[in-house]
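What follows is calculated from the coordinates using simple rules that are stated; it is not laboratory data. Just so it is clear, the model here is predicted, and its values are computed rather than measured. Backbone-built Cβ (ideal geometry, glycine too); neighbour counts: all protein chains shown.
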Amino acid sequence: MSDAVTLNDDGLVETNWDEVTESFDDMGLKEDLLRGIYSYGFEKPSAIQQRAIKPLILMRDTIAQAQSGTGKTATFTIGLLQNIDLNNRDCQALILAPTRELASQIVKVVMAIGDYLGVSTMACIGGTNVRQDMDKLRSGVQLVVGTPGRVFDMINRRALAVDYIHYFVLDEADEMLSRGFKDQIYDVFQKLPPSVHVGLFSATMPADVLELTSKFMRDPVQILVKRDELTLDGIKQFYVMVEREEWKLD
């Protein structure tokens, strides 16, 4: 579907997106989304946020090579929340993660940053009650985060409707593939609308991840966050008294 992803001599993604936005205020974000970002504790965007939020907002297929701890979860959370139609209760964005724990952590970030928007979200993961998950999905969840197996099951059971999904994000894609989820990821993707936009976040770019990008993505924006850019200048470490138990990050 896409041109081959360009790697440099070190096997790292070759950045092809030069635009850098150094302030959340300059990203054209919804006012209630900005409130959520600042309430969450961000002061200014990290390196990946300065580069990758904008193409996600612009509905570009996006590949971002970045380690954990770069602020990548908030990057795709902000990009997706900006484009959620709050008047449409159907699922509009789907995020896959390699583990139940990571999916649950992503949901906490979405709930916190998206709190003032009133966006509905849930973790669609194994180990939870299938019937309850089906009921919740059918009642309307705008942003679903899940593991590949449970998400595919919910689509097959017609509990998770895919008609309005316009963004599909793969977080820690290399980890998902190393855990043997390749076929399930492909199965989920084939159920989605042909026009769906794809975001892929991965610490490494092995051959199976590159194969995934070639089959899923159209003319993707490529972004590399270098190791010397990994300091989270926009984050200060502090204690926060949270209002809701589900906001707590373990």
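If you plug each phi of region 137-150 into the Karplus form 6.51 cos²θ - 1.76 cosθ + 1.60 with θ = phi - 60°, what whole-Hz ³J(HN,Hα) values come out, in order, with x for Gly and Pro?
Values per residue, Gly and Pro as x: 4, 5, 7, x, 10, 7, 9, 10, 10, x, 8, x, x, 5 Hz.
Run the count for the chain, please: Lys pairs, Cα-Cα under 18 angstrom, 8 or more apart or on different chains.
Taking the Cα cut-off of 18 Å, the pair count is 15.
Once you've got the GNM for the chain with C-alpha springs shorter than 10 Å, pick whichever of V130, V196, V109 has the biggest mean-square fluctuation.
V130
If you scale each eigenvalue of the Cα gyration tensor by 5 and take the root, what three semi-axes come out for the chain, rounded to whole angstrom and sorted largest first? Before the final figure, lay out the partial values.
On the way: eigenvalues 124, 111, 54 Å².
After scaling each eigenvalue by five and taking roots: 25, 24, 16 Å.
Sorted by average packing, counted as other Cβ atoms within 10 angstrom per residue and highest first, what order do 159-165, 62-68 take?
Sorting 159-165, 62-68 by mean packing, highest first, produces 62-68, 159-165.
Sort out the exposed loop GluC sites (Glu not before Pro) in the chain (DSSP loop, at most 13 other Cβ within 10 Å) and tell me the longest stretch that has none.
It works out to 44-242.
Can you list the trypsin sites (Lys or Arg not before Pro) in region 57-106 that are in a DSSP coil and have 16 or fewer other beta carbons within 10 angstrom?
R89
Out of N8, F189, V169, whose Cα points farthest toward the positive end of the dipole of the chain (charges: +1 Lys, Arg; -1 Asp, Glu; placed on Cβ)?
Positive-end residue among those listed: F189.
Can you pull out the trypsin sites (Lys or Arg not before Pro) in region 164-225 whose DSSP state is coil and whose Cβ has at most 16 other Cβ atoms within 10 Å?
R179, R218
Could you tell me whether region 24-125 comes out rounded, prolate or oblate from its Cα gyration tensor? Rule is a ≥ b ≥ c as square roots of the eigenvalues, rounded for a/c under 1.5, then prolate if a/b exceeds b/c, otherwise oblate.
rounded
If you average the sequence gap of Cα pairs under 8 Å that are 6 or more apart and divide by the length of the chain, what percent do you get for the contact order?
Over the chain, the number comes to 32 percent.
With θ set to phi - 60° and the Karplus curve 6.51 cos²θ - 1.76 cosθ + 1.60, what are the ³J(HN,Hα) couplings of region 18-31 in order, to the nearest whole Hz, using x for Gly and Pro?
With the stated coefficients, region 18-31 comes to 8, 5, 10, 10, 8, 9, 4, 5, 9, 8, x, 7, 4, 4 Hz.
Could you bin all the Cα-Cα distances of region 110-173 into 5 Å bins starting at 0 and give me the percent of pairs in each, rounded to whole numbers?
Percent of Cα pairs in each bin: 3, 16, 30, 26, 17, 7, 0.
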